[in-house]
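This report concerns only the one structure given below.
The values are calculated or read from the model by the stated rules, or taken from the named source; none is laboratory data. Keep in mind the model is a prediction, meaning the values are calculated, not measured. We place every Cβ from the backbone using ideal geometry, glycine too, and count neighbours over all the protein chains shown.
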């Protein structure tokens with residue numbers, strides 16, 4: 001039985017007449033009779049008896065009328081809910097965000113998004129980019145915001161590209177780098193390779209590394225307090241009051257670090273996913289506007 005069948009049974013129960021029911025439902029009497037037989041066949045029982053005065057419902061037919069009314073009422077309420085909430089944004093958003101982006105850029109974006117769409121159940125996972133990439137591959141998350149290059153075979157958006165910088169305290173500014181300690185920072189193999197290339201091109205090595213840090217914020221604090229120099233992305237340097245210098249390779253190419261939004265195209269049809277991607281992109285515009293002031 002479908003929605004039209006419920007309407008047919010309830011109208012027939014009200015009017016107790018085949019002709020009047022057919023007229024009200026704008027169908028022919030033969031079509032109505034055929035439909036009644038189909039309903040009875042599907043249910044495996046007779047619902048009504050025909051008489052000269054009209055139709056009479058069998059005891060079993062009478063007993064199912066309350067259920068049909070409930071189902072019809074529920075369907076009507078559901079349609080009203082859908083019709084009145086075409087612009088409703090809800091559902092679940094599962095996103096994986098790199099540690100650096102989540103620390104320095106995500107809070108403002110997420111605040112704006114959750115205020116605009118409070119009915120979305122947001123599940124944010126923060127982790128190293130390589131781990132987020134594997135989660136995306138395994139379909140554990142809908143979106144991944146990752147740092148660095150990944151061989152992703154679906155949708156990808158370049159969110160930002162920023163300089164990598166030489167960072168140290170002001171007291172060490174312009175001092176030869178091989179004369180004091182390099183603060184190492186563990187990262188993905190691609191960035192480590194670029195750092196090693198830059199060091200080699202500048203006649204430097206990591207032999208005088210006394211500190212090796214996992215956390216970018218801790219690494220920055222070490223440099224700020226004169227414990228050595230480091231190579232860090234510009235995203236973390238807005239409040240740094242020490243010495244900062246953008247880096248270039250020997251051929252003049254800027255040493256940069258890119259951030260990407262990776263996602264499966266099948267999830268882009270979900271409005272909560274599509275809108276979150278837009279908020280991530282708008283967040284970049286907002287940051288650039290603030291930097292230009």
**OP:** Considering every residue within the stretch 110-127, establish whether at least one is touching a helix residue (DSSP H, G or I) at 6+ places or on another chain (Cβ under 8 Å), in contact (Cβ under 8 Å) with a residue 40 or more places away in the chain, closer than 23 Å to residue 237 by Cα and buried (at least 16 other Cβ atoms within 10 Å of the Cβ).
**Re:** no
Residue set 24, 4, 38; condition loosely packed, with under 12 Cβ neighbours inside 10 Å, within 51 Å of the chain's Cα centre (by Cα) and under 25 Å from residue 73 (Cβ atoms); output residue 4
By residue number, the members of the stretch 225-245 that are more than 19 Å from residue 176 (Cβ to Cβ) and surrounded by fewer than 17 Cβ atoms within 10 Å (Cβ to Cβ) are 225, 238, 239, 241
Exactly one of 187, 212 is within 15 Å of residue 259 (Cβ to Cβ), outside the structural domain of residue 270 (by TED's automatic domain parsing) and either in contact with a strand residue (DSSP E or B) (Cβ under 7 Å, 6 or more places away or on another chain) or assigned to a loop (DSSP other than H, G, I, E, B) (or both), and that one is 187
Self-check item: Residue in the stretch 190-203 that is in contact with a helix residue (DSSP H, G or I) (Cβ under 8 Å, 6 or more places away or on another chain), at pLDDT 85 or above and within 26 Å of residue 134 (Cβ to Cβ) present
Solution: no
